Amino acid sequence: MISFYMFAFIAVVASLLVIAQRNPIYSVLLLIASFGALSALYVLLDAPFVAVIQIIVYAGAIMVLFLFVVMLLNAPHEDTEYDERVHPLLRPGPMRFGAGLAVALVVELWWALGRGGESGSFAGGSVTSVAAIGRSLFTDYAFPFEVTSILILVAMVGAVLLARREEPR
Amino acid sequence: MVPLSHYLLLSAMLFSIGTAGVFVRRNLITILLSIEIMLNAVNLTFVAFGRALGSADGQIIVFFVMTVAAAEAAVGLAIIISLFRHRESLNPESFTALKW
């Protein structure tokens, strides 16, 4: 009970700091902390498979890729034309609409969830085993699983092609 | 046990933080990070509903979402690298050649 609120607090605060940082390296490191807290929440939800995948794939692979690109580009600081000290809601142009939209989204989601009434607590199920997930993945979800491999192949080829330096002819 | 609605509220808050990040930040890498926050919020919803309904399908969809997120990060970062080579900038305001 108390651990849910602790990890939820860590996840929200770390995510807020991610978008408050001006230096992308700190953003990436804080996002790894947020993913760690989310992984703990998955453990609380009896989903150990997702928790481990979250750490290995997200924190281990994707975030290291981000960190690698941030260090490769070596352009840490955001270049902004507006005054840094102005509150984001008071800045000109689309930024104000964007921040307003985010606030509206929070209010609406809160309202919608509040109207839903008392959603029941969790049924007394057991931990979803990795074996059950694997069986379902290779029987019911076999076709999407194979399509995923093509998606990964396309992404790999695309990434290599896009990031390649163009040869002068 | 914490009720399901608390997980949904946490997920909504994380999604809104990600949305705000996409609009407020002026750095392509931070914008991609905000998209990752939004994807994670959706993943949390899937796992919480899967747990509430007692089925493994939620976790399988999370597996696919993570695969798509990995592909998106790889291609997105490659695009950012090749954009940076052209303009020496990560500010989306400096890529307006196609803007009407």
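The values are calculated or read from the model by the stated rules, or taken from the named source; none is laboratory data. Keep in mind that what you see is a predicted model, and the values were worked out from it rather than measured. Neighbour counts run over all protein chains shown; Cβ positions are idealised from the backbone, glycine included. Side chains included, ligands, DNA and RNA excluded: accessible areas come from the protein's heavy atoms. Shrake-Rupley method; radii C 1.70, N 1.55, O 1.52, S 1.80 Å.
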Next on the checklist: Pairs needed: first member in the range B:74-95, in a helix (DSSP H, G or I); second member anywhere, open to solvent by less than 60 Å² (accessible area, probe 1.4 Å) and among the hydroxyl-bearing types (Ser, Thr, Tyr); C-beta distance under 6 Å; at least 6 residues apart or different chains.
Outcome noted: B:Arg87/B:Ser94
Checklist entry - Would you call B:Ser5 open to solvent by 10 Å² or more (accessible area, probe 1.4 Å), of a type in the set (S, T, N, Q) and more than 27 Å from A:Met156 (Cβ to Cβ)? => result yes
Item to check | Any hit, the range B:10-25, residues being touching an Asp or Glu at 6+ places or on another chain (Cβ under 7 Å), part of a helix (DSSP H, G or I) and either surrounded by 23 or more Cβ atoms within 10 Å (Cβ to Cβ) or facing another protein chain (nearest Cβ under 7 Å) (or both) | outcome: no
Item to check | Subset of the range A:9-29 [modelled with pLDDT of 90 or more and either within 13 Å of B:Asn40 (Cβ to Cβ) or not in a helix (DSSP H, G or I) (or both)] | outcome: A:Ala11, A:Val12, A:Ala14, A:Ser15, A:Val18
Checklist entry - Is it the case that some residue within the range A:108-115 is modelled with pLDDT of 70 or more, touching an Asp or Glu at 6+ places or on another chain (Cβ under 9 Å) and surrounded by 15 or more Cβ atoms within 10 Å (Cβ to Cβ)? => result no
Item to check | Whichever residue in the range B:41-55 is surrounded by fewer than 21 Cβ atoms within 10 Å (Cβ to Cβ) and among the hydrophobic types (A, V, I, L, M, F, W, C) and, among such residues, is nearest to the other protein chains (Cβ to nearest Cβ) | outcome: B:Ala52
Checklist outcome for this item: Checked the range A:1-23 for anything at the interface with chain B (Cβ under 9 Å from one of its Cβ atoms), among the β-branched types (Val, Ile, Thr) and open to solvent by 10 Å² or more (accessible area, probe 1.4 Å); matches are A:Val12, A:Ile19
Next on the checklist: Please determine whether any residue of the range B:73-94 is polar (S, T, N, Q), more than 7 Å from chain A (Cβ to nearest Cβ), under 19 Å from A:Gln54 (Cα atoms) and open to solvent by 10 Å² or more (accessible area, probe 1.4 Å).
Outcome noted: no
